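> Take a look at the following structure, please.
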Amino acid sequence: MENGVFLVILVGAAAFALFIFVNYIRVVPQNEAYVVERLGKYSGTLLSGFHILIPFIDKVAYKHTLKEQVIDVPSQICITRDNISVEVDGVLYMTVMDPQKASYGINNYYFAAIQIAQTTMRSVIGKLELDRTFEERESINADIINAVDKASAPWGIKVNRYEVKNITPPQSIKDAMEKQMRAEREKRALIAESEGDKMAKINRAEGDKQARINIAEGERQQLINVSEGEKQRRINEAEGRAQEITLVAEATAAALTRVGAAIQTHGGQDAVSLRIVESYLTEFGKLAKTNNSLIIPNNVVDLASVVAVGKQVLSAGRQEAAPPPKTKP
């Protein structure tokens, strides 16, 4: 009997110890916080680690995570400034900074944050026209963050950021927007095509102008080259004629010199006389072959007079060419 009572007491003690261990010995995980109440009043906040509570006096009233939390803000209907109904949803990122305020400052900070985000969203969208709602996402996000963060400060909540996920207008507005965008794209295409045609015409005109300039420049250069060639040709011809005249003059002078020297030899004067007669007869024969009218002198056949005249000319030339006589001192 005594052994049975002892066994019952032992089992009861073990059950009590297990109850105490389960309910009053707590291990708090990392990035979590437990709010402890003692006799119904806030006692403290347990952070990560091992903790022992006073049995039947302390209890864990609230558990909070200190990680950044992602809250999906449900879609809602908002009316824009130009009276267009759009469906808007978003995502809210927030962190519990003070577990005590999060436990006693508000009943449900999740629900409160979502409601503030939705009401602020309706207010911000109502100030914008439909076209600007797609362009002002950053300003919409900033306004909602400011509003929710200001309202959640007494709750120990910090709002990190808010992102608008979707802005969905009615189907009729979508169709109108698609038509508008299609018309705008067609307009840009026509403008781009006209600009391209304009640039093509300008380029062709510039090309034609440059081609004409190049042709004119080529013709001018060709004329310059031709004139330079003609000028050089004439210079060469003039130089050739000058050299020819010089050579003829030099040859004539040399011939005359040799003739003069030959005259001074024995029989030279007779040879000259014979040469004069031959030349006279040759030239006179040439005149007779032509159809010219001639006036013939009476003594045309007087060869002796011709020879005498030639000799007189030669004698006069020798006297002019002879050096002056030297005078004695």
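> Measure out, as a whole number of angstrom, how far apart the alpha-carbon centroids of segment 27-81 and segment 106-136 sit.
26 Å
> Which entries in Lys63/Lys150; Lys101/Lys150; Lys67/Lys158; Lys41/Lys158; Lys67/Lys150; Lys41/Lys101 show an alpha-carbon gap greater than 18 Å?
Lys63/Lys150; Lys41/Lys158; Lys67/Lys150
> Could you tell me how far the Cα centroid of segment 215-238 sits from the Cα centroid of segment 137-207, in Å?
69 Å
> Given H placed 1.01 Å from N in the peptide plane, which residues other than close sequence neighbours of Ala61 have an amide H under 5 Å from its amide H?
Here Val35, Val36, Glu37 satisfy the definition.
> Return the loop-located chymotrypsin sites (Phe, Trp or Tyr not before Pro) in segment 15-88 (DSSP other than H, G, I, E, B) with at most 15 other Cβ atoms within 10 Å of their own Cβ; answer none if there are none.
Qualifying residues, ordered by number: Phe56.
> What number of lysine-lysine pairs in segment 182-258 show an alpha-carbon separation below 25 angstrom, given a sequence spacing of 8 or more or placement on distinct chains?
Lysine pairs meeting both conditions in segment 182-258 amount to 4.
> What does the charge count around Val35 come to, taking other residues whose C-beta lies under 15 Å from its C-beta (Lys +1, Arg +1, Asp -1, Glu -1)?
Value of the local net charge: +2.
> Find out how many positive minus negative residues lie around Trp155, taking Lys and Arg as positive, Asp and Glu as negative, among other residues whose Cβ is under 13 Å from that of Trp155.
In short, +1.
Coordinate-derived values only; no laboratory data. What you are looking at is a predicted structure, and each value in this text was computed from that prediction instead of being measured. Reconstructed Cβ throughout: ideal geometry from the backbone, glycine too, with neighbour counts over all protein chains shown.
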